[in-house]
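Asks: Got a structure for you, questions after.
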């Protein structure tokens, strides 16, 4: 009998898959079953898979090392669910290394034996970051951008990693950059939110960008390789916002969602801002 691993991703766009002896057999997103957009905890997906396959091991990824626990058994909710079907299930938790799982997915789907993986994320795992060898200087932040050296079958090492937090003063060493800066993804999330979409709907901003044009009245979006805090306000880990109070050009007197159903209400500032963030213009 094959060794079956049930892998789950709790978080936005929650999903579950079944891997048998290293081969992907089944995958489904929770929202396909629950009919709730971006549904996070993939309980229906897990049950769907367990009704089709036996499960030897549960692997939990996502961005949180600690999941909510159940009363009485004090096990995490996902293990508790699987154990109802398969009492001897083994659980492996990888939520403490979100960017590592991104890098692993990139390597294993590339076909290469050795590669450099570049991860650009909104907010991964929240970590204590040791900024000196003694570990006496510690910064805190969410994984946002990282570069990894990857070698098959399972060698991964960090070349450089950036962490973000709303209140952390910037601290930098040869490997880590931690601070309250606004990263590329956060800037894109802010514009997407400004356009009345969910932070997760970046594809809609990308599509709208094709309708915009260069607008010299829009202030610089980037300074010194980071998004400008004159324009953007980070809100780790959720998203970010366009500062329309300090920048009158961004103010509007109607709900931004109006143009979603009536294109005639689309404002130049909206499509031009989408154009600019897509072009990542720094002038």
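Asks: Being surrounded by 13 or more Cβ atoms within 10 Å (Cβ to Cβ) and within 19 Å of residue 181 (Cβ to Cβ) narrows it down to one of 89, 82, 158, so name that one.
Replies: Being surrounded by 13 or more Cβ atoms within 10 Å (Cβ to Cβ) and within 19 Å of residue 181 (Cβ to Cβ) holds for just one of 89, 82, 158, which is 158.
Asks: Additional query: Check the stretch 131-140 and report whether any residue there is at pLDDT 95 or above, farther than 21 Å from residue 107 by Cβ and surrounded by 21 or more Cβ atoms within 10 Å (Cβ to Cβ).
Replies: Yes, the stretch 131-140 contains at least one residue that is at pLDDT 95 or above, farther than 21 Å from residue 107 by Cβ and surrounded by 21 or more Cβ atoms within 10 Å (Cβ to Cβ).
Asks: Which is modelled with pLDDT of 95 or more and farther than 30 Å from residue 159 by Cβ, of 82, 59?
Replies: 82
Asks: Looking only at the stretch 1-36, which residues are surrounded by fewer than 18 Cβ atoms within 10 Å (Cβ to Cβ) and in contact (Cβ under 8 Å) with a residue 60 or more places away in the chain?
Replies: 12, 13
Asks: Also, I was wondering about something else. Which of the residues that make up the stretch 148-167 are assigned to a loop (DSSP other than H, G, I, E, B) and either over 24 Å from residue 220 (Cβ atoms) or out of contact with any strand residue (DSSP E or B) (no Cβ under 7 Å at 6 or more places or on another chain) (or both)?
Replies: 152, 153, 154, 167
Asks: Exactly one condition in (1) touching a helix residue (DSSP H, G or I) at 6+ places or on another chain (Cβ under 6 Å); (2) under 30 Å from residue 192 (Cα atoms) is false for residue 123; which is it?
Replies: With (1) touching a helix residue (DSSP H, G or I) at 6+ places or on another chain (Cβ under 6 Å); (2) under 30 Å from residue 192 (Cα atoms) applied to residue 123, the lone miss is (1).
Asks: Going residue by residue through the stretch 13-28, is there one that turns out to be farther than 22 Å from residue 97 by Cα, touching a helix residue (DSSP H, G or I) at 6+ places or on another chain (Cβ under 8 Å) and at pLDDT 95 or above?
Replies: Yes, the stretch 13-28 contains at least one residue that is farther than 22 Å from residue 97 by Cα, touching a helix residue (DSSP H, G or I) at 6+ places or on another chain (Cβ under 8 Å) and at pLDDT 95 or above.
The values are calculated or read from the model by the stated rules, or taken from the named source; none is laboratory data. Fair warning: this is a prediction, and the values are worked out from it, not measured in the lab. Positions of Cβ are generated from backbone atoms using ideal geometry, with glycine treated the same way; all protein chains shown enter the neighbour counts.
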